[in-house]
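Quick one: the structure is below, questions incoming.
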Amino acid sequence: MLSSLKYPGSKWLKHLALWKHPQLQPHLPQTELLSSASLKHMIKTHPIVFIKPVIGGGGRGILKVSSAGAGQYTLQHAGGIRTYSSLPLLIKFIQSQTASRQYLIQQGVDLIRIGGRAMDFRILMLKPARKWKVMGVMGKLAARNKHVTNYCRGGSWIRLEDALTQSIGCTPEDCRIAENELRAFAETIAGYMDKEFPNIDELGLDIAIDGERRIWLLEANTKPQYKLFLHHPDPRLYSKISAMIRALRYPGHMTSPRPLVAIQHTARMKQQT
């Protein structure tokens, strides 16, 4: 059963699970499974759309389509940027790139930026004792002229207060309020994810703020990467996160260390034999 999954990997499955809850719908970008019909509809409906593999991570395989008006379109992908003056030609190329596996198409969000670089936020949540805990929040900056913020795609980390100060001019008090809002939103998402997938105990939420300061959930990762928390202002946080995730992922291997005397005794016995 789907509810028994510990690491649901399908972006589409997780989107459907959250879309069932009307309270969340204003914070979820419009998302459809990719088809010829959904591609035409979404491109005509939104100035920017993203096409993502249903299964996958790290920003791999993501395409960005922008409508430039007057029948002009721009396609950005790992290989660079292409321009098209015809929707059928654009669709034909996209179909050639997405034929090998299932994709979804998602409304683009107008992300806040720093120096022209798009930015979103990773909120890490863990459930070590049947209760979700927000471990921390970090900003992710896309590399210049790139369309994804993932570190493995050239993105970089930025601390939350610096991100909000440099992008939307938050005062220290505004930053504290914004962080509390992001944390509360993350806890809301975790609560709904818990209802649909009660066995999950990790969440890496990719959350965006748009130009009107509206909060969006871009993706809910259930086996998240967390190395960017090496750069968190709390120098102890990464070690704490790492230990907790090891305990969650490999509970049978988390045993107490053997006393040094016992180890030395074992070593002597081996030498004697």
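Read-outs: derived from the displayed coordinates by stated rules, not from any lab. Everything numeric in this text was worked out from a predicted model, so none of it was measured. A quick note on method: Cβ atoms are made from the backbone with ideal geometry, for glycine too, and the neighbour counts reach across all protein chains shown.
Between Lys44 and Ala99, what length comes free when the chain is fully extended (0.36 nm per residue of separation minus the Cα-Cα distance, one decimal in nm)?
Extending this stretch completely gives an extra 17.6 nm.
Still on this structure: So, in nm, how far is label Glu173 from label Asp110 when the simple model puts each one 7 Å beyond its Cα toward the Cβ?
The two pseudo-label positions are separated by 2.9 nm.
State the extension gain, in nm to one decimal, for the chain segment bounded by Lys227 and Ile81, taking 0.36 nm per residue of separation less the distance between their alpha-carbons.
Residue separation times 0.36 nm, minus the Cα-Cα distance, leaves 49.6 nm.
Among the trypsin sites (Lys or Arg not before Pro) in the range 24-107, which ones are in a DSSP loop with at most 15 other Cβ atoms within 10 Å of the Cβ? Mind listing them?
Passing both the DSSP loop test and the Cβ count: Arg60, Arg101.
Using the Cα gyration tensor of the range 1-43, with a ≥ b ≥ c the square roots of its eigenvalues, what is the shape: rounded (a/c below 1.5), prolate (a/b larger than b/c) or oblate (neither)?
The shape class here is oblate.
When you take every Cα atom in the range 174-232, what is the radius of gyration, and what is Dmax, the widest Cα pair distance, in Å?
12.6, 36
How large is the convex hull of the Cα atoms of the chain per residue, expressed in Å³ as a whole number?
186
OK, next. Which lysines have a Cα lying under 18 Å from the Cα of Lys195, excluding residues fewer than 8 positions away in the same chain?
Lys6, Lys11, Lys14, Lys20, Lys127, Lys131, Lys133, Lys223
On to the next question. Enter the angle in degrees (range 0 to 90, nearest 10) between the Cα long axis of helix 87-97 and the first principal axis of the Cα atoms of the chain, meaning the one along which they spread out most.
It works out to around 20 degrees.
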